[in-house]
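The block underneath contains the structure these notes are about, expressed in structure tokens.
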Amino acid sequence: MAERAYGMLGEFESSEALLAAARQARAAGYRELDAFTPFPVEGLARILKIQRPTISLVGLISAFAGGGTALLMQVFVNYDYPLNVGGRPVYALSAFAVVTFELTILFSAVAMVVAMLWQNGLPRLNHPIFAAARFHLASKDRFILCVKSEDPMFDEQETAVFLAGAGAASVERVPP
Amino acid sequence: MSDRNDILPTRQTMAGIADQLTGIPLHFPAERRWVIAMAFASALLLLLMISMTELFTRGVGIWGINIPVNWAFAIHNYVWWLGIGHAGTLISALLLLTGSEWRNSLNRFAETMTLFAVVCAGIYPILHLGRPWYVYWMFPYPATMGVWPQFRSPLEWDIWAVLTYLTVSLVFWYTGLIPDLAAARDRATKRGWQIFFGITSLGWRGAAIHWLRWSQAYRVTAALAVPLVVSVHSEVSLLFASGQIPGWHSTIFPPYFVLGAAFSGFAVVAIIAVALRSWFGLRNLVTDDHLDVLGKVLLATGLMTGYGYVFEVFDALYSGEAHEMRTLLDRVAGVYAWTYWGAVLFNFVPLQALWWRGVRRSGWALLLISISVAVGMWLERDMILVTSLYRDFLVSSWSKFTPTFWDWSTYLGTIGLFLVPFLIAIRIIPMISIFETKELLHEEKEKGHHG
């Protein structure tokens, strides 16, 4: 028996065609679907039943972490080595505001991008999908729907026929 | 933009845009001009290296600074460069959030500009330290002396603000770049480019879930970057406003500085937009409509800066404080009055031509006006520093400031420090956001279909 393929790709010429095909695939019972597009396509996540990402939550938590770190740091250094400047308060929250704000933003922004890459499994040097001959068009002007072989309904012949029937301009098997 | 007026010509195709924009790094079209520009920029960078060597060997005494004018070119150019950087973030982040379509052709090089302008700004306070090798004293580390940085001083805030700004700008720029690096990777035919873009694109493949997470990260970072810009330049203005020097000690400084920063930055964005589009034949992407909007934004921020000028005068008059009034008089009629009137002239007089639509849509006119604004804002930053410092409270400490050769050479050198990495960036990365342009084209075509 030949090795099990990674999946089957259908190539579509517009985002509307892709959305329609993805809807059909869901209706036909396919569950392990993925789509590759040159830009974010609105509505795709809803059809593919992708959960809302948690990046902004990471950002919020990191924002508090950043603000808290900055505030604690400034309070601590002033506690550890109090400088009396003309009798002004040592714990001057208004003077700590700038650094606190900057670190809030710094922690939040960096954490969100790291979380985005982490959750996406990036960076990685290779991926089975890159072996597909027409995959490079997904960064140009083609919209690609992929039925993965983990799908219980996956069958090389049937899935290929299904994708062609859903309007794919070309269908390609992705080697494992 | 109204629905009927598409900002991008809809006759082009997505494939055409991808090939055109990835083609600039992959099959560089203007080799000779690039080499000439690079030679010029490298010469300036060399000048900076020489100036820095001289500075590190002999100390800040080689500059024209003295007591009382102890902050002159170094801090004035620092503020100028940082201000230029801010427009890149505003175009990219603020206009992303407001959904302004015209941003998509400008954001990439505007962000690149930000990055290198902030680098130019960032080296100045370090050069100005006198003992720059002690710059690490600014960081809270457990020193053997048991002391810590003074967190209640704006000078300490500064390093946190600038480093945060640099890091967040870099992260935002790179996040936006990843999908385009992947597009370039997929178009690359030569082995070297394939490896370069293969590694830098981090294995991006445009999967639906990736786009979803990416969009969220990108948009929320943008939302953070906007208040960051305001905070950073407000903090810079507090370097001045927290002191008691007449002409600085005013609550108008933060907004005045932030608006001036946006004004000078948009001018430089316009300069780069006009230069790049004629250099690489990008008229189909950076259209006359883009220049039109840039011109309007320049005019608006210019008028707001003008409002700052008026209120600065009002502030001094309304305070009735003798030293404030004296500084005001020094500004408009002192030995450095030429910097004040020069700033007014270069900033606001040619700017008025932008009221006319024809002027805004002409690349040359916009270029000349923008250069005038960059010069005007440079004079303004100089004016704010020198006219306040050279005559402060005690007559016995009055003095003058004359820039030396090394002041000028360091300043010109930082232009090299800006241009060299910028030219390298033009050479190796797509200078207009490919996927955002395609997204916009797609939306415009959609609207066209549905009438």
Cβ neighbours within 10 Å from other chains - mean over B:438-448 = 3
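I'd like to verify something in chain B: which complete DSSP H helices, judged by Cα projection on the helix axis, reach 27 Å or more and average at least 1.0 on the Kyte-Doolittle scale?
Helix filter hits for chain B: B:31-58, B:107-127, B:253-280, B:363-389, B:405-428.
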Number of Lys pairs in the protein assembly as shown closer than 17 Å at Cα, excluding neighbours under 8 places apart unless interchain, is 4
Could you please tell me the mean projected area of the C-alpha convex hull for the range A:55-119, averaged over all directions and given in square nanometres to one decimal?
-> 4.5
Accessible area of A:S56 in the full protein assembly, 1.4 Å probe (Å², nearest 10) | 40
Using a/c under 1.5 as the rounded threshold, could you call the range B:39-102 rounded, prolate or oblate? The axes a ≥ b ≥ c are square roots of the C-alpha gyration tensor eigenvalues, and prolate needs a/b larger than b/c, oblate otherwise.
-> oblate
Cut-off 14 Å between beta-carbons: net charge of the residues surrounding B:Y174, Lys and Arg +1, Asp and Glu -1 | -1
Ranked highest first by average number of other Cβ atoms within 10 Å, how do B:308-314, A:19-25 line up?
-> A:19-25, B:308-314
Where the centroid of each part is defined by its Cα atoms, how far is the range B:280-300 from the range B:148-219 in Å?
-> 26
SASA check, B:T144, accessible area w/ 1.4 Å probe, all protein chains in place, rounded to nearest 10 Å², comes out at 150
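Using packing as a proxy for protection, rank B:383-390, A:123-130, B:68-75, B:259-266 so that the peptide with the highest average count of other Cβ atoms within 10 Å comes first.
B:259-266, B:383-390, B:68-75, A:123-130
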Hey, what angle do you get for helix A:156-165 against the long axis of chain A, alpha-carbon based, 0 to 90 degrees rounded to 10?
-> 90
Over the alpha carbons of the range A:93-165, what is the largest minus smallest coordinate on each principal axis, giving the biggest first in Å?
-> 69, 29, 24
Sequence of B:V258, B:V375 from largest to smallest accessible area, 1.4 Å probe | B:V375, B:V258
Near B:L354, within a Cβ-to-Cβ distance under 11 Å, what is the net charge of the other residues, with Lys and Arg +1 and Asp and Glu -1?
-> +3
Dimensions (Å) - chain B, Cα atoms, principal axes, largest first | 73, 55, 41
B:K400, B:K438, A:K148, reordered so the largest accessible area comes first (probe 1.4 Å) | B:K400, A:K148, B:K438
Per the charge dipole of the protein assembly as shown (beta-carbon charges, Lys/Arg positive, Asp/Glu negative, Cα centre), the residue among A:A160, B:T175, A:A20 reaching farthest to the positive end is A:A160
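Just in the range A:81-176: which GluC sites (Glu not before Pro) are loop by DSSP and have at most 11 other Cβ atoms within 10 Å?
For GluC sites (Glu not before Pro) across the range A:81-176 that sit outside H, G, I, E and B with at most 11 neighbouring Cβ atoms in 10 Å, the list reads A:E150.
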In debye, nearest 20: dipole of chain B around its Cα centre with unit charges on the Cβ of K, R (+) and D, E (-)?
-> 1080
Cβ-Cβ cut-off under 10 Å around B:I432, Lys and Arg +1, Asp and Glu -1: the net charge is 0
Report, as an integer, the average count of C-beta atoms from other chains found within 10 Å of each Cβ along B:142-155.
-> 4
Here P(r) for the range B:235-326, Cα-Cα distances in 5 Å bins, as whole percents, is 3, 13, 17, 16, 13, 10, 9, 7, 6, 4, 2, 0
q = 0.06, 0.10, 0.11 Å⁻¹: log10 I(q)/I(0) that the Debye formula gives for the protein assembly as shown, counting C-alpha atoms only = -0.38, -0.95, -1.11
Expressed as a whole number of Å, what is the distance separating the alpha-carbon centroids of the range A:54-69 and the range B:27-104?
-> 33
Over the range B:14-449, calculate the relative contact order: mean separation of alpha carbon pairs under 8 Å at least 6 apart, over the residue count, as a percent.
-> 32
Mean projected area (nm²) from the convex hull of Cα positions in the range B:163-294 is 11.4
Directionally averaged shadow of the range B:295-398, computed from the convex hull of its alpha-carbon atoms, nm² | 6.6
What is the magnitude of the charge dipole of the protein assembly as shown about its Cα centre, with +1 placed on the Cβ of each Lys and Arg, -1 on the Cβ of each Asp and Glu, and no other charges, expressed in debye to the nearest 20?
-> 660
In Å², nearest 10: area of B:H249 left accessible to a 1.4 Å probe = 100
Global geometry of the range B:1-126, whether rounded, prolate or oblate, following the gyration tensor of its Cα atoms and the 1.5 cut on a/c = oblate
Taking B:12-19, B:84-91, B:159-166, A:38-45 and ranking on average Cβ neighbours within 10 Å, highest first, one gets B:84-91, B:159-166, A:38-45, B:12-19
Is there a simple number for the mean count of other chain Cβ atoms within 10 Å of the Cβ of residues in A:136-149, and what is it?
-> 5
If unit charges are put on Cβ atoms (+1 for Lys and Arg, -1 for Asp and Glu) and the dipole of the protein assembly as shown is taken about its Cα centre, the option from A:V171, B:F418, B:W81 lying farthest towards the positive end turns out to be A:V171
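The values are calculated or read from the model by the stated rules, or taken from the named source; none is laboratory data. Predicted, not measured: the structure shown is a model, and the values here were computed from it. Neighbour counts are summed over all protein chains in view; Cβ atoms, including those assigned to glycine, are modelled from backbone coordinates with ideal geometry. The protein model used for the area step is the full one, side chains on, heavy atoms only, and it has no ligands, DNA or RNA in it. Shrake-Rupley method; radii C 1.70, N 1.55, O 1.52, S 1.80 Å.
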